[in-house]
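Encoded as structure tokens, the structure appears first; notes follow it.
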Amino acid sequence: MIERYWKDEIKRIFTDEFKYQKWYEVELAVAEAEASLGIIPGDVPRAVKDKMERVDFFRVSKRAKEIEKEVDHDVIAFLLTIEEIVGEPARYLHYGLTSSDVVDTANSMILRDALLLNLKALSNLTESVKDRAVQFKYQPIMGRTHGVFAEPTSLGLKFLSYYSAFLRDKENLERAIEMISYGKISGAVGNYSFISPEVEKRALEKLGLKPEPVSTQIIPRDRYAFVFDIVAISAGNIEKLATEIRLLQRTEVGELEEPFRKKQRGSSAMPHKRNPIKSERLCGLARLLRGYAMAAMENIALWHERDISHSSTERFIIPDALSVYYYALGLLKNIVKDLVVNVERINENLVKYGKFYLSEAVLLALVQKGVPRGEAYEWVKESAHQAMKTGSPFEDLIRKNEKIREHLTDEEIEEALNHNYLKNVDEIFRRFGL
């Protein structure tokens, strides 16, 4: 992970010191469970804790890395380091365990901590988007499909759609936390040959985890894949909003604009530039997170009870994906909070090219009068395209269209031309209790 996108509050979760501390917590929880069942001497956990109580895990990390250079095995290096600190009682640590018992169970704790931090960041973003939705609930804005003018909608509804998406992301992230909150203390191939399910149960209760029902030597990697898929989906919603901001910030549109600091500069060559660089950055990071999800998917199928082809990728994707996601959530929250909304330009754009977008209202008025839809469509299309081509007001062309006038009175035409596109906005907001 590069420093540019690494926030301190999540960075600490992925330090080696934090990892070794979690490994120690797993080892201690197992020792306490085994001592309570008379498998190892009852005084071992207390003796271990007394020695480790004031230990700096930065020191543990440094020493373990030194030993790893000799033994080429990170868990063995960690155990030898603890043995140097604790002395004779440490020989009872790791009793009946295999490395994955420690690593995978600790990983679940680390992932859970990181996901909880991301859930808080997602909640903050969701609230900011909700505030914008409420603020612009009744602000008309041109809706666009295919990048082309469609019909007016509400800027508040635009934000509400993202609010709805982020609420789904929150639900999914909570499911991901539940999905990853499993540990395994079941031995070399997961069949409890030298340890018992009761030890696992007691140890994992201390760690706030549930036992993996069938673990082989590792926790099944579909759990990890689920987590990173959820992160990637949420990143897609981040990208969706960032893309909307980019499109509406284009010079010829100018309806929304990223916050731009007083001393910020947009271009090394062109002083006038105010580019949506933060939204563009978010789009790039979303691509990265989709790639991490694919790597997690590839880790599901391992040889027999396990191999370690997943291990190397997880050393990258676990810290990188969850740190990038955390950064992206915070960045988008700040963009939304300080987003510049150019209401004057929004209103200008609504009428800049005429009101040909009223075509559906006229079409439906004709259908209600008994005109076959295909015929009515052609009549209205002719007037709308003429308005776009010549700049003539669509309303005037409709009023002058002889075929339309045969079926619609002046009052009926006026009613269609004054259609309220936002008449059901309140009802949509009520679905969210807003």
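What to note about this one:
- Filtered residue count, segment 387-434, keeping only those that are of a type in the set (S, T, N, Q) and either touching a His at 6+ places or on another chain (Cβ under 7 Å) or more than 20 Å from residue 364 (Cβ to Cβ) (or both): 2
- Residues of segment 149-162 satisfying the condition of being crowded, with 19+ Cβ neighbours inside 10 Å and touching an Asp or Glu at 6+ places or on another chain (Cβ under 9 Å): 155, 158, 159, 162
- Scope segment 99-122; condition within 18 Å of residue 192 (Cβ to Cβ), crowded, with 23+ Cβ neighbours inside 10 Å and not aliphatic (A, V, I, L, M); matching residues: 100, 101, 104, 105
- In segment 285-310, the residues that are more than 23 Å from residue 243 (Cα to Cα) and aliphatic (A, V, I, L, M): 295, 296, 297, 300, 301, 302, 308
- Subset of segment 195-210 (residues that are part of a loop (DSSP other than H, G, I, E, B) and either surrounded by 14 or more Cβ atoms within 10 Å (Cβ to Cβ) or in the same structural domain as residue 22 (by TED's automatic domain parsing) (or both)): 195, 196, 209
- When the test is whether a residue is more than 24 Å from residue 25 (Cβ to Cβ) and of a type in the set (A, V, I, L, M), residue 204 does not pass it.
- Residue in segment 140-148 that is buried (at least 17 other Cβ atoms within 10 Å of the Cβ), assigned by TED's automatic domain parsing to the domain that holds residue 126, of a type in the set (Val, Ile, Thr) and touching a strand residue (DSSP E or B) at 6+ places or on another chain (Cβ under 7 Å) present: yes
- One residue from 248, 302 being within 29 Å of residue 142 (Cα to Cα) and either modelled with pLDDT under 90 or of a type outside the set (Val, Ile, Thr) (or both): 248
- The set of residues in segment 362-390 that are over 12 Å from residue 404 (Cβ atoms), modelled with pLDDT of 90 or more and of a type in the set (Gly, Ala, Ser) comprises 370, 374.
- Pair list, Cβ under 6 Å, 6 or more apart: segment 1-25 residue within 16 Å of residue 58 (Cβ to Cβ), other residue of a type in the set (Ser, Thr, Tyr) and assigned to a helix (DSSP H, G or I): 16/61; 17/61; 20/61
- Here residue 360 meets each of (1) in contact (Cβ under 8 Å) with a residue 24 or more places away in the chain; (2) of a type outside the set (Gly, Ala, Ser); (3) buried (at least 17 other Cβ atoms within 10 Å of the Cβ); (4) closer than 24 Å to residue 141 by Cβ with one exception, condition (3).
- Tally, over segment 211-222, of residues that are farther than 23 Å from residue 298 by Cβ and part of a loop (DSSP other than H, G, I, E, B): 1
One line per residue, one yes/no per condition, for (1) touching a strand residue (DSSP E or B) at 6+ places or on another chain (Cβ under 9 Å); (2) hydrophobic (A, V, I, L, M, F, W, C):
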residue	(1), (2)
288	no, yes
294	no, yes
300	no, yes
315	no, no
324	no, yes
337	no, no
346	yes, yes
353	yes, no
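- Where a residue in segment 382-405 is in the same structural domain as residue 369 (by TED's automatic domain parsing) and its partner, wherever it lies, is aromatic (Phe, Trp, Tyr) and at pLDDT 90 or above, with Cβ under 7 Å and at least six apart: 401/379; 403/379; 404/379
The values are calculated or read from the model by the stated rules, or taken from the named source; none is laboratory data. These numbers were taken from a predicted model, which means no experiment stands behind them. Methodologically, a virtual Cβ is constructed for each residue, glycine included, from the backbone with ideal geometry; neighbour enumeration extends over all protein chains shown.
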